[in-house]
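S.K.: Pasting in a structure now, in C-alpha cells, and then I'll have a few things to ask.
The values are calculated or read from the model by the stated rules, or taken from the named source; none is laboratory data. If you're wondering where the values come from, they're calculated on a predicted model, not measured in any experiment. Note: ideal-geometry Cβ built from the backbone for every residue, glycine included; neighbour counts use all protein chains shown. Only protein heavy atoms, including side chains, enter the accessible area calculation; ligands, DNA and RNA are left aside. Shrake-Rupley method; radii C 1.70, N 1.55, O 1.52, S 1.80 Å.
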Amino acid sequence: MAAKGITDKVAIVGMGCIRFGELWDKSLDDMIVEAAYQALEDAGIGPEKIDAYWFGTCNSGFCGITLSEPLKIQYKPVTRVENFCATGTDAFRNACYAVASGAYDVALVVGAEKLKDSGYSGLVIPPQPDDGTKPNYSAPAAFSLLAPAYFKKYGLEAGQGKEVLARIAWKNHRNGAKNPKAQFRQEITMEQIINSPLVAAPLGIMDCSGVADGAAAAVIVRSEDAPRYRKDPIFVKALSIICGPNHGGLHQDYDFTTVRETYMAGLDAYGQAGITDPAGQISMAEVHDCFTPTELVIYEDLGFSRRGGGWADVLNGDFDLTGRLPVNPDGGLKSFGHPIGASGLRMLYEMYLQLQGRAGERQIDNPKLGLTHNMGGFPWWCVASVCIVGKEPGAREGR
Ligand code: COA
C-alpha cells in the first residue's frame, strides 16, 4: 500500500517556531501571531500574499475563527484540523495537497496548543463517550507497557532495559540543551534519569515528555514558484497519515513491541519518496518520543534499526547528534513538551533548519533527507504520521 503522493510538487519557503514552555504570560492568540509572523518574515512576504490557511489544534480552539481572529485574516479560507498527536502534521499535509492541486498558490499552516493553563497532563485524559468496556489508561501507563514486553522479547534484564531507555532521554535532553526554543534546556545525567520518581513503572518522570505550550508555522508554495521566495526552499517528498482498526486492542497476537500504524505510515511514505533503505537513505529524523520506549520501538518500526536491534544501536550512540542517523536533534518532545497541534510543525521546523544549514550548535553534517513522525492514541490504537522533506528536488539517494 502506498499513496501516489505529491513528491517534489510543493516546497516550504518560510517557517517559524516560538520558544515552547510554561507560557503563562502568553495567550493562544499571542502564540499564533508570533509563530505566523516568524514564518511570513522568513518567507519574505506579508499576510496579503496568503491565499488560504490551515490551523492545527487538538483542544485549544474549534473552528477556523480561532486562527482568523488573532491574525485578522481578511475574509479568506481557514480550515481547522484535528487528528490527535498528528494534528500539526495533518494540517500541513492538507495545505500541501491544496497547493499541489493548484487551488491556491500560497498557504500558511499554523499549529498551536495551550496546555499548561488548561490543566492538561499525561495523567489527566479527557473523557470520551464509550460503552464502558474500554480500558482507561493514562498516557504514561499505556506506553509503559512497551518496555517490559520489549525487554522480555529481546532478552534484556530490567536494569539493562532501563539503561537503554535512559540513554534515549539523556540524548534528547543533551540535544535540547543546545536549543534556545526548547522548554527544558538542561543536560540530565543517566543517574538522574534512572532514579527519577516513577510515574508508571518502569517509566520515571524523566522517561516522559513534558507538558508545554507552543506554536509553529509554515508557508507552502508550488516547487516551481519556490525560487521566487528563497534560494534554499525545502521540498516535500512524502506525506502519510495512517489510522488503525484497534487490532492490538482486540487480538491476542499483539505483543506490544511494535506500533503497526507507525510501521505502515513509514511504508507508505517510503513508497511515495522512492526510499528502499531508510537506514541508509534518511539523514536524520524527528520522532514522537512521548515516552522513552516509544522512541525505541519507532527505530525498529521505521526501519532505522533491525527488529530487536534498536536497543544495541541506542547504546552504540547511533541516534546521537553525531551518530549514523541523528534522531530528535532539536531535543524532541522530551525537551519541548508536546503542545499537541504544534509538535508536528515544530519537528518540521528542525528538519527545515537542518537542511538549510541553519541549526547552529546542533547542525548535522550536510543532511539531504529529513523525516518527521507523530503518533497519537495508544500503542495498539492510534493514528501515525510520517513526513519526509529534502534539500533538492528529485534526489533520492539521500544522505
Ligand atoms: N522531563 C523533564 N523534566 C520534567 C518533566 C519531564 N517530562 N516533567 C516535569 N519536569 C520537571 C519540571 O521542570 C520541574 O522541575 P523544577 O522543579 O526544577 O521546576 C519538575 O520536573 C516537576 O515538574 P512538575 O510540572 O511538577 O511535574 P509533574 O509531576 O506535574 O508532571 C509528568 C510530570 C511526567 C506527569 C508530566 O510531565 C506528564 O504528564 N508528562 C507526559 C505528557 C504526556 O503524556 N503527553 C502525551 C504524550 S502522547
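S.K.: Tell me, please, whether a residue that is out of contact with any Gly (no Cβ under 9 Å at 6 or more places or on another chain) and farther than 23 Å from Thr57 by Cα can be found in segment 170-180. Let's see the steps before the verdict.
M.R.: Restricting attention to segment 170-180, the residues satisfying the condition of being out of contact with any Gly (no Cβ under 9 Å at 6 or more places or on another chain) are 170.
Cutting the leftovers down to farther than 23 Å from Thr57 by Cα gives us 170.
Scanning segment 170-180 turns up at least one residue that is out of contact with any Gly (no Cβ under 9 Å at 6 or more places or on another chain) and farther than 23 Å from Thr57 by Cα.
S.K.: Looking at Thr87, Thr79, can you tell me which residue is under 20 Å from the mean Cα position of the chain (by Cα) and either within 16 Å of the ligand (Cβ to nearest atom) or not assigned by TED's automatic domain parsing to the domain that holds Gln183 (or both)? Working first, answer last.
M.R.: On the way: Thr79 fails: under 20 Å from the mean Cα position of the chain (by Cα).
Step by step, each of Thr87, Thr79 is checked, and only Thr87 is under 20 Å from the mean Cα position of the chain (by Cα) and either within 16 Å of the ligand (Cβ to nearest atom) or not assigned by TED's automatic domain parsing to the domain that holds Gln183 (or both).
S.K.: Sticking with this structure for a sec: So which of Val164, Val199 ends up being within 12 Å of the ligand (Cβ to nearest atom) and either among the hydrophobic types (A, V, I, L, M, F, W, C) or in a helix (DSSP H, G or I) (or both)? Talk me through it step by step, then tell me what you get.
M.R.: Numbers: Val164 fails: within 12 Å of the ligand (Cβ to nearest atom).
Testing whether each residue is within 12 Å of the ligand (Cβ to nearest atom) and either among the hydrophobic types (A, V, I, L, M, F, W, C) or in a helix (DSSP H, G or I) (or both) leaves just Val199.
S.K.: Read through the list (1) surrounded by fewer than 18 Cβ atoms within 10 Å (Cβ to Cβ); (2) of a type outside the set (S, T, N, Q); (3) closer than 16 Å to Ala215 by Cβ, then give the number of the only condition that Leu28 fails.
M.R.: With (1) surrounded by fewer than 18 Cβ atoms within 10 Å (Cβ to Cβ); (2) of a type outside the set (S, T, N, Q); (3) closer than 16 Å to Ala215 by Cβ applied to Leu28, the lone miss is (1).
S.K.: Are any residues in segment 205-217 open to solvent by less than 10 Å² (accessible area, probe 1.4 Å) and within 14 Å of the chain's Cα centre (by Cα), and if so, which ones?
M.R.: Let us first name the residues in segment 205-217 that are open to solvent by less than 10 Å² (accessible area, probe 1.4 Å), namely 207, 212-217.
The answer is Gly214, Ala215, Ala216, Ala217.
S.K.: Which residues, counting only those in segment 205-217, are outside any loop (DSSP other than H, G, I, E, B) and in contact with a helix residue (DSSP H, G or I) (Cβ under 6 Å, 6 or more places away or on another chain)?
M.R.: Residues of segment 205-217 outside any loop (DSSP other than H, G, I, E, B): 205-208, 213-217.
Passing the criteria: Met206, Asp207, Cys208, Asp213, Gly214, Ala215, Ala216, Ala217.
S.K.: While we're here: Is there any pair linking a residue in segment 196-214 that is under 30 Å from Gly56 (Cα atoms) to one that is at pLDDT below 95 and near the ligand (Cβ under 8 Å from one of its atoms), with Cβ under 6 Å and at least six apart or on different chains, and which?
M.R.: So the pair list comes out as Val211/Ser121.
S.K.: Only residues in segment 129-148 that are in the same structural domain as Thr294 (by TED's automatic domain parsing) count as the first member; pair them with residues that are in a helix (DSSP H, G or I), Cβ under 7 angstrom, at least 6 apart or cross-chain, and list the lot.
M.R.: Hits for this filter: Phe143/Pro293; Phe143/Thr294; Leu146/Pro293; Leu146/Thr294; Leu146/Val297; Ala147/Gly161; Ala147/Leu165; Ala147/Pro293.
S.K.: What about Asp232, is it acidic (Asp, Glu) and either touching a Ser or Thr at 6+ places or on another chain (Cβ under 6 Å) or away from the ligand (no atom under 15 Å from the Cβ) (or both)?
M.R.: Details: acidic (Asp, Glu): yes; either touching a Ser or Thr at 6+ places or on another chain (Cβ under 6 Å) or away from the ligand (no atom under 15 Å from the Cβ) (or both): yes.
Yes, satisfied.
S.K.: Further, regarding this structure: Looking only at segment 180-194, which residues are more than 9 Å from the ligand (Cβ to nearest atom), open to solvent by 10 Å² or more (accessible area, probe 1.4 Å) and in contact (Cβ under 8 Å) with a residue 24 or more places away in the chain?
M.R.: Residues satisfying the conditions are Pro180, Lys181, Arg185, Met190, Ile194.
S.K.: Moving to a separate point now. Taking the criterion of being touching a Cys at 6+ places or on another chain (Cβ under 7 Å), within 16 Å of the ligand (Cβ to nearest atom) and open to solvent by less than 30 Å² (accessible area, probe 1.4 Å), would at least one residue in segment 103-112 satisfy it? Don't jump to the end; show me each part of the working.
M.R.: First, the residues of segment 103-112 that are touching a Cys at 6+ places or on another chain (Cβ under 7 Å): none.
The answer is no, given that none of the residues of segment 103-112 is touching a Cys at 6+ places or on another chain (Cβ under 7 Å), within 16 Å of the ligand (Cβ to nearest atom) and open to solvent by less than 30 Å² (accessible area, probe 1.4 Å).
S.K.: Oh, and also: Hey, does segment 369-382 have a residue that's over 21 Å from Asp90 (Cα atoms), surrounded by 24 or more Cβ atoms within 10 Å (Cβ to Cβ), in contact (Cβ under 8 Å) with a residue 12 or more places away in the chain and not assigned by TED's automatic domain parsing to the domain that holds Trp54? Before the answer, list the steps.
M.R.: Initially, segment 369-382 is screened for residues over 21 Å from Asp90 (Cα atoms), giving none.
Checked against the condition, which is being over 21 Å from Asp90 (Cα atoms), surrounded by 24 or more Cβ atoms within 10 Å (Cβ to Cβ), in contact (Cβ under 8 Å) with a residue 12 or more places away in the chain and not assigned by TED's automatic domain parsing to the domain that holds Trp54, segment 369-382 yields no hits at all.
Conditions tested, residue by residue: (1) within 16 Å of the ligand (Cβ to nearest atom); (2) under 18 Å from Ser240 (Cα atoms); (3) touching a Ser or Thr at 6+ places or on another chain (Cβ under 8 Å).
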position: Glu295; (1), (2), (3): yes, no, no
position: Ile298; (1), (2), (3): yes, yes, yes
position: Gly323; (1), (2), (3): no, no, no
position: Gly331; (1), (2), (3): yes, no, no
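S.K.: Which one is nearest to the ligand (Cβ to nearest atom) among residues in segment 120-161 that are among the aliphatic types (A, V, I, L, M) and surrounded by 15 or more Cβ atoms within 10 Å (Cβ to Cβ)? Step through it out loud before you land on a result.
M.R.: From segment 120-161, those among the aliphatic types (A, V, I, L, M) are 123-125, 139, 141-142, 145-147, 149, 156, 158; that's our starting set.
The next check asks that each one be surrounded by 15 or more Cβ atoms within 10 Å (Cβ to Cβ); those that pass are 139, 141-142, 145-147, 149, 156.
Working: Ala139: 3, Ala141: 10, Ala142: 8, Leu145: 13, Leu146: 12, Ala147: 15, Ala149: 18, Leu156: 23 Å.
The qualifying residue nearest to the ligand (Cβ to nearest atom) is Ala139.
S.K.: Has segment 369-382 got any residue that is more than 24 Å from Val10 (Cα to Cα), assigned to a loop (DSSP other than H, G, I, E, B) and more than 13 Å from the ligand (Cβ to nearest atom)?
M.R.: For segment 369-382, residues more than 24 Å from Val10 (Cα to Cα), assigned to a loop (DSSP other than H, G, I, E, B) and more than 13 Å from the ligand (Cβ to nearest atom): present.
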